[in-house]
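Novice: Below is a structure I'd like to ask you about.
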Amino acid sequence: MFQIGDYIVHPMHGAGVIESVVTKKISGQQRDYYVLKLPVGDMVVMVPVAGCENIGVRSIISKSEAENIFESFKELEVSMTQNWNKRYRENMDKIKSGNLLDVASVVKGLMCRDNERGLSTGERKMLHSAKQILISELVIATETDYDGVEQRLYASL
């Protein structure tokens, strides 16, 4: 499916490059895994080759699609329920979807909420994770640094 050197996106960890493919024996079964190096946070994730589709791993967006995300970010309408538990579940579902525009709406919604009222510890962690997922892909797609992408997002608020 993917090759060493390909840029891919894991829905819960963000974008990175496949450094290698390794075979590991786990629970008595030998499986191949992509070793995904994530530039944000200097993290390494092992993704089972056979389960990529089920997990939602996909190729990275193009530069023009990334620019569309920046443009859409300005126009995104965010409305969040007052119920913290329901809001948290809805946001987590959007993040897990792997849809970058959904992740962007979570980021914008939580950033706006943080500016207005502040965030709980759980939502602050969610904002951090969602920002990493969003920014990691935009950094690679636009060939920009993390701070540059983050500044463009804040300017769009």
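Novice: With every protein chain kept in the model, how would you rank R87, R58 by accessible area, 1.4 Å probe, largest at the top?
Specialist: R58, R87
Novice: Could you pull out the trypsin sites (Lys or Arg not before Pro) across segment 104-157 that fall in loop regions by DSSP (anything but H, G, I, E, B) with no more than 11 other Cβ atoms inside 10 Å?
Specialist: Filter output for segment 104-157: R117.
Novice: Could you state the number of Å between the C-alpha centres of segment 58-76 and segment 103-120?
Specialist: If you average the Cα positions of each part, the centres end up 19 Å apart.
Novice: ³J(HN,Hα) across segment 145-153 via Karplus (A = 6.51, B = -1.76, C = 1.60, θ = phi - 60°), whole Hz, x for Gly/Pro?
Specialist: 7, 4, 4, x, 5, 4, 5, 5, 5
Novice: Work out how far the C-alpha atoms of segment 16-72 reach from end to end along every principal axis, then list the three figures in whole Å, largest first.
Specialist: Extents along the principal axes, in whole Å: 48, 24, 14.
Novice: Further question: For segment 66-119, what class follows from the C-alpha gyration tensor (a ≥ b ≥ c being the square roots of its eigenvalues): rounded when a/c is under 1.5, otherwise prolate if a/b is larger than b/c, else oblate?
Specialist: It comes out oblate by the Cα gyration axes.
Novice: To the nearest 0.05, what FRET efficiency results for K24 and K63 with a Förster distance of 35 Å applied to their C-beta separation?
Specialist: Efficiency computed from Cβ-Cβ geometry: 0.50.
Novice: D6 to T121: extension gain in nm, 0.36 nm per residue of separation minus the Cα-Cα distance?
Specialist: 37.9 nm
Novice: Taking the Cα centre as origin and putting +1 on Lys and Arg beta-carbons and -1 on Asp and Glu beta-carbons, what dipole magnitude results for segment 86-157, to the nearest 20 debye?
Specialist: The dipole magnitude comes to about 480 debye.
Novice: Something else about it: Under the 0.36 nm per residue contour assumption, what length would be gained going from the current alpha-carbon distance of Y154 and V44 to full extension?
Specialist: Here the segment from Y154 to V44 would lengthen by 36.8 nm.
Novice: Kindly write out, for segment 74-81 in residue order, the coupling ³J(HN,Hα) from the Karplus curve 6.51 cos²θ - 1.76 cosθ + 1.60 (θ = phi - 60°), rounded to whole Hz, with x marking Gly and Pro.
Specialist: After applying 6.51 cos²θ - 1.76 cosθ + 1.60, I find 4, 8, 4, 8, 10, 9, 10, 5 Hz.
Novice: Could you work out the per residue convex hull volume over the alpha carbons of segment 1-40, in cubic angstrom?
Specialist: Value for segment 1-40: 82 Å³ per residue.
Novice: Between [x] 13.4; [y] 9.9; [z] 7.7, which entry matches mean projected area of the Cα convex hull in nm² as derived from the coordinates of this structure?
Specialist: [y]
The values are calculated or read from the model by the stated rules, or taken from the named source; none is laboratory data. Everything numeric here is computed off the predicted structure, so don't read it as measured data. When we count neighbours, we look across all protein chains shown, and the Cβ atoms used for this are built from the backbone with ideal geometry, even at glycine. We work out accessible area using only protein heavy atoms, side chains counted, and drop any ligands, DNA or RNA first. Shrake-Rupley method; radii C 1.70, N 1.55, O 1.52, S 1.80 Å.
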